[in-house]
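Heads up, the thing below is written out as structure tokens.
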Amino acid sequence: MTARGRRYRRVAVAAASAVAMFSTGAVVALTAGGSDADASTSREAAVGAAWHGLWSGTSAKEDRRVLDELAGHGLTWVRLDVGWASVQPSGPGRLDAREVDRVRDAVAMAQERGLRVLGMFWLTPGWAGGESHAAPRDPGDYAAALARLAVAVPRVEAWEVWNEPNRAEFFASEDPAQYARLLRAAHDALEEAAPDVTVVMGGTAYNDATWIERALASGAAGHYDVMATHPYSAPSDMAPDVRGNGTRYTFRHLDAVRWAMQRHGDGDLPVWLTEVGWSTHRDRSGARPWERGVTEARQAQYSARVLRVVARDFPWVDVVFFYNAVDHDTGTTEQYDNYGLMRDDLSPKPVLGALAATVDR
């Protein structure tokens, strides 16, 4: 583990303690409360939300209102996705000053409300790889750009290296060895340029312990400060406190992620859940298991349960980011558009009150 990783672990644990889609068809059962974890280890994780503060179509006034609602309900982090293709569109070297200012302004807006910022850096510019969801031809280009951005926007406390690299939709090859090379390059560049920044391994879709194991074995081990995962469930209306069924499609398969870390010498590093959540929509006729929605009341119940399960059974999870801050219209499917903690008119859903009550207990 790096010196930065050791330093992060001490600080984050103290801070968190102080802060109050494919189905396998397997049958799962609700846990009967409790677990093998010692109750003395129970503590609350910090709570955040994914915030698309750099997407087009929203005003600064709307962004401020969103952040006010998040902070007012006890959340303490936001995850801000930043496109490499946007901040360095024309070639290696200097970053686009206007886009860097946009990132800086978004970060400042969050921090003015007491929200800490995790940046997620992805999307390859054409000059570096040809296709935005493909890995760059030279991982050093990505690493150099991220290091420049970390120096230019030093108030970002942590940077996540890509999004869901185990899915072709986000990382075209899905190759854990290729991702390990990208992570190593980014970690080493940040270690030199911005040694106080926390390096977060890109969160996998689901608790994909098998893919994570392969990435760690390919050289990722020891080259990150925080492991990340996106422990969505499949079917997508499944509760977070079901007994694990041995697959990546249950929330409790987090244990397998931890075991993979331990086998590669990273067992003392924390885990962040950089996305988790439930979509509030009515199921259409013939909806497939990964397309199922829940009611707003059920979204609130499940989200509060996440925090209780983490506090009781997974004390090494330091931060939970719910996806996402606001419903949006991507023109894709109801499922992807309705994960918000707020509706598209920015009115809070019941989930925000449930999170506030859980954080404050």
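The values are calculated or read from the model by the stated rules, or taken from the named source; none is laboratory data. Computed from a predicted model, the values in this text were never measured in an experiment. Every residue, glycine as well, gets a Cβ built from its backbone with ideal geometry; the counts of neighbours run over all protein chains shown. Quick note on the areas: whole protein, heavy atoms, side chains included, nothing else; ligands and nucleic acids left out. Shrake-Rupley method; radii C 1.70, N 1.55, O 1.52, S 1.80 Å.
Select from segment 157-193 the residues that are surrounded by fewer than 22 Cβ atoms within 10 Å (Cβ to Cβ) and part of a loop (DSSP other than H, G, I, E, B) and list them in ascending order. Listed by number, the residues that qualify are 157, 167, 168, 169, 170, 172, 173, 174, 175. Looking across segment 209-241, the residues that are open to solvent by 10 Å² or more (accessible area, probe 1.4 Å) and not in a loop (DSSP other than H, G, I, E, B) come down to 209, 210, 211, 213, 214, 217, 218, 219.
Restricting segment 159-190 to residues that are touching a His at 6+ places or on another chain (Cβ under 9 Å) and among the charged types (D, E, K, R) leaves a set whose member that is modelled with the lowest pLDDT is 169.
Among residues of segment 38-56 that are closer than 16 Å to residue 270 by Cα and modelled with pLDDT of 95 or more, those with a beta-carbon under 9 Å from a residue that is of a type in the set (Asp, Glu) and crowded, with 16+ Cβ neighbours inside 10 Å at least six positions away or on a different chain give the pairs 45/318; 46/318.
So which residues in segment 194-208 are more than 18 Å from the chain's Cα centre (by Cα) and either among the aliphatic types (A, V, I, L, M) or assigned to a strand (DSSP E or B) (or both)? Selection gives 194 alone. Within segment 294-309, residues that are among the small types (Gly, Ala, Ser) have Cβ atoms under 9 Å from residues that are open to solvent by 20 Å² or more (accessible area, probe 1.4 Å) in these pairs: 297/350; 300/350; 300/353; 300/354; 303/354; 304/354; 304/357, counting only partners at least 6 apart in sequence or on another chain. A single entry from 173, 132 fulfils the requirement of being under 20 Å from the mean Cα position of the chain (by Cα) and of a type in the set (S, T, N, Q): 132. Scanning segment 42-66 for residues that are of a type in the set (A, V, I, L, M, F, W, C) and either open to solvent by less than 20 Å² (accessible area, probe 1.4 Å) or touching a helix residue (DSSP H, G or I) at 6+ places or on another chain (Cβ under 9 Å) (or both) turns up 45, 46, 47, 49, 50, 51, 54, 60, 66.
Only one of the numbered conditions (1) open to solvent by 10 Å² or more (accessible area, probe 1.4 Å); (2) touching a Phe, Trp or Tyr at 6+ places or on another chain (Cβ under 7 Å); (3) within 21 Å of residue 166 (Cβ to Cβ); (4) not hydroxyl-bearing (Ser, Thr, Tyr) is not met by residue 294, and that is (3). Close Cβ contacts (under 6 Å, 6 or more residues apart or on different chains) running from residues in segment 335-356 that are of a type in the set (Val, Ile, Thr) to residues that are open to solvent by less than 20 Å² (accessible area, probe 1.4 Å) and at pLDDT 95 or above comprise 351/299; 351/300; 351/303; 351/341.
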